[in-house]
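Below you'll find the structure, written out as structure tokens, and then a few comments.
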Amino acid sequence: MEKNLSHIALFAALVAVLGLVPAITLPVGVPITAQSLGIMLCGTVLGARRGALAVLLFLALVALGLPILAGGRGGLGVFASPTVGFLIGFPIAAFVAGLIVERWRAPVGIAALAGAVIGGILVLYVFGVAGMAVMLGKTLPEAVLLATPYLPGDLLKAGLAALATQGIARMRPDALLSRA
Amino acid sequence: MLTLTSPVEIWAHRLPAGVKLAALAGATLILFWMTTPAQQATALVAVAVLTLSGGTRFARAGARMLRPLLPFAVLVGLWHLATGEWSLGAVVVMRMVTAVAAANFVTMTTRLSDMLDALTWLCRPLSPVLPPQRLALAVALVIRFVPVMLLRAEAIVLAWRARSPARPGWRVAQPLTLAALDDAARVAEALRARGGSG
């Protein structure tokens with residue numbers, strides 16, 4: 001029980017810290033940080049359930065008013081902003097990424113890459129794009145257009161998440177809870 | 001760690017968090033029902049008055065928190081100028097700014113401890129699976145470990161710089177994740193040694 005709790009809390013902190021790592025800000029406004037890398041890692045390292053709970057805990061702290069969202073944002077306002085869809089998609093993305101690593105018995109690096117791409121990009125973008133369409137009163141194709149500038153960065157992050165997960169499998173095989 | 005609560009105490013700090021959160025939920029619902037530019041403009045003025053009621057320092061901090069919306073406002077504005085549906089564009093932009101500003105107002109005038117009490121209250125129906133004391137412990141652990149991990153990230157960056165002229169970039173992610181896993185194992189042991197997580 002303590003192990004679950006401490007892993008969930010420490011990975012929520014990890015997502016926050018990765019969001020504070022200096023970012024490149026695109027002209028569209030949302031900064032590219034390693035935060036979505038943190039979301040992917042929650043799933044691929046901790047597994048579906050713990051990963052999703054870690055992300056939910058992180059979001060709860062954002063709502064409480066801590067400036068831990070990418071670019072030092074936070075508070076209740078971010079849940080009313082056009083990017084709210086991505087926030088709703090975060091825990092589901094971590095869950096799907098974790099589920100793929102848990103269930104698909106491929107080599108860990110390949111399963112983690114698949115999990116990060118399908119969960120951390122595909123699933124996340126479905127929610128993010130739908131959110132922008134609703135909040136900005138746009139059609140879905142128009143909203144897709146707004147999200148595409150982030151795709152190259154996110155593909156890179158999926159690769160990094162897979163490499164990091166594979167490295168952890170090698171260095172701390174027992175600690176990789178998604179395969180425990 | 002710093003929170004987004006405003007250091008400038010205004011009248012709204014004294015209202016109970018529950019009242020502010022309920023009012024915010026109601027106001028946001030109404031905002032999404034209003035469809036004419038005149039209605040949205042009224043709401044925008046109301047939020048501006050609310051924010052200005054805290055004085056200029058408070059209002060300036062509130063305005064700063066709206067900056068991430070600027071690119072969206074510009075983009076949507078240009079889009080609707082191009083398509084000619086300027087009134088729809090005005091509604092979308094004003095609604096976005098009003099909704100975010102109102103939510104920020106609640107965040108700025110509510111202390112972290114009061115927010116935490118509100119969260120615990122909201123999570124009461126979950127208490128069979130999520131005892132409140134475990135939620136509180138998890139929140140406290142995150143608040144404690146964010147600065148700890150930031151320091152560790154800096155140490156990793158310094159170690160990298162000592163060995164390579166290249167910028168470390170996102171390569172800090174893997175050692176940082178590994179450190180989080182090791183810390184988690186140690187924290188779990190420490191919690192168990194002190195009587196468990198309750």
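Just so it is clear, none of the values below were taken in a lab; they were calculated from the coordinates. In this text, all values refer to a predicted model and were calculated from it rather than measured experimentally. Backbone-built Cβ (ideal geometry, glycine too); neighbour counts: all protein chains shown.
Arrange the following residues from fewest to most other Cβ atoms within 10 Å of their Cβ: A:His7, B:His13, B:His80.
On the way: A:His7 27, B:His13 16, B:His80 19.
Arranged by neighbour count, lowest to highest, A:His7, B:His13, B:His80 become B:His13, B:His80, A:His7.
Using just the alpha carbons, could you tell me how many Å³ per residue the convex hull of the range B:11-122 encloses? It would help to have the intermediate numbers written out before the result.
On the way: hull volume 11.8 nm³, N = 112.
That works out to 105 Å³ per residue.
Per residue, chain B reaches -24500 deg cm²/dmol at 222 nm when only DSSP H runs of four or more residues are counted, each adding -39500 (n - 2.57). Projected over all directions and averaged, the alpha-carbon convex hull of chain A occupies 9.6 nm².
Computed from label points 7 Å out along Cα-Cβ, the spacing between B:Ala59 and B:Thr42 is 2.2 nm. Of all the options A:Leu64, A:Leu53, A:Leu99, the one that moves most in a Gaussian network model of chain A with Cα springs shorter than 10 angstrom is A:Leu64. Cα-based radius of gyration for the protein assembly as shown, normalised by 2.2 N^0.38 Å, reads 1.00.
Its alpha carbons give the range B:131-193 an Rg and a Dmax of 14.7, 49 Å.
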